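A short write-up of the structure that comes next.
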Amino acid sequence: MKHLRLAILAVSALTLLPACASYQPAPDAFHRSLAQPYRLDSGDRLKVTVFGEEGLTNAYNVDKAGFLAFPLVGEVPARGRTPDQVQEEITERLADGYLNKPDVTVEVDQYRPFFIMGEVANGGQYQYVPGMTVQNAVAVAGGFSPRAEQGTVDVTRKSGGQVTTGRALPSDPVMPGDTVYVRERWF
C-alpha cells in the first residue's frame, strides 16, 4: 500500500512537470527597459511650453505615425525618442528662422494606455498612471475573475524596437503600452 501511494505521488509529480517547464522568466531586455529613459510612442500626449510664446504652448498628441504636429515647424518625429530629444529638435527648428533663442520644455502630459485581458472582470484599454504595478492594473480592470491564475501574469512589452513577452509577478511594474494577460489557473 505504501509503495502504491509513492507511485501515485511520483506519477502526479511527473504530470505537473510540463507545466513547470513551460514557465519562461522575462527576457533580460524586458527588465532593462525599466531602467531606460522613457521612449515616446503613439498615444502619448506631450505638454510643450515655449516661454514667452503663449500661442505655441499647448498639449500635443503623438499621432499614429509617431509624429508630433507642431505649429510653424511641422511634424516632429517622436516615436522611439525621449522627451528631451523632442525638446531639442523643436528648439533647433524654432531657432532656425522663427524665434530668437527659444526656451522650450517638453514633458509627458499623459502616457499612452496599457491593455489588460484574460481572466479579469473588465478587460480592455486603460489609462496608465506612473508607478503602476501588475496588481494595480488588475484592480483597475475590476479584479481577477474566479478562474484567474493570481501568482503571475504574462506581460508583452515593446522594448528597443523588439516585442518581448515574459512572466511578471503582481508587484512588477507595468509600463505605458504594455499588454497584460491574466491566464486561467489549472485547478
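Filtering A141, A121, A148, A95 for residues that are buried (at least 19 other Cβ atoms within 10 Å of the Cβ), out of contact with any Leu (no Cβ under 7 Å at 6 or more places or on another chain) and of a type in the set (G, A, S) leaves a single hit, A141.
Taken over the range 91-129, the residue count meeting the criterion of being outside any loop (DSSP other than H, G, I, E, B), in contact (Cβ under 8 Å) with a residue 60 or more places away in the chain and in contact with a Ser or Thr (Cβ under 9 Å, 6 or more places away or on another chain) is 8.
So that you can scan it fast, the table gives a plain yes or no per residue for (1) surrounded by 15 or more Cβ atoms within 10 Å (Cβ to Cβ); (2) at pLDDT 60 or above:
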residue: T15; (1), (2): no, no
residue: A26; (1), (2): yes, yes
residue: Y38; (1), (2): yes, yes
residue: N58; (1), (2): no, yes
residue: N61; (1), (2): yes, yes
residue: F67; (1), (2): yes, yes
residue: E88; (1), (2): no, yes
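The set of residues in the range 99-131 that are in contact with a strand residue (DSSP E or B) (Cβ under 7 Å, 6 or more places away or on another chain) and hydrophobic (A, V, I, L, M, F, W, C) comprises V104, V106, V108, F114, F115, I116, M117, V120. Condition first: polar (S, T, N, Q) and either farther than 20 Å from Q110 by Cα or part of a loop (DSSP other than H, G, I, E, B) (or both). Now tell me which residues in the range 152-187 satisfy that. Result: T152, T156, Q162, T164, T165, S171.
Within the range 73-87, residues that are in contact (Cβ under 8 Å) with a residue 24 or more places away in the chain sit with their Cβ atoms under 9 Å from residues that are assigned to a helix (DSSP H, G or I) and basic (K, R), at 6+ positions apart or across chains, in these pairs: V73/R93. In this structure, P102 qualifies as modelled with pLDDT of 95 or more and within 20 Å of E54 (Cα to Cα). Here G43 meets each of (1) in a strand (DSSP E or B); (2) surrounded by fewer than 20 Cβ atoms within 10 Å (Cβ to Cβ); (3) in contact (Cβ under 8 Å) with a residue 12 or more places away in the chain with one exception, condition (1). In the range 135-151, the qualifying residues are those that are aliphatic (A, V, I, L, M), in contact (Cβ under 8 Å) with a residue 12 or more places away in the chain and not in a loop (DSSP other than H, G, I, E, B), and the one that is farthest from R45 (Cα to Cα) is A148.
The values are calculated or read from the model by the stated rules, or taken from the named source; none is laboratory data. Computed from a predicted structure; not experimentally measured. In this analysis, Cβ positions are derived from the backbone assuming ideal geometry, glycine residues included, and neighbour counts consider all displayed protein chains.
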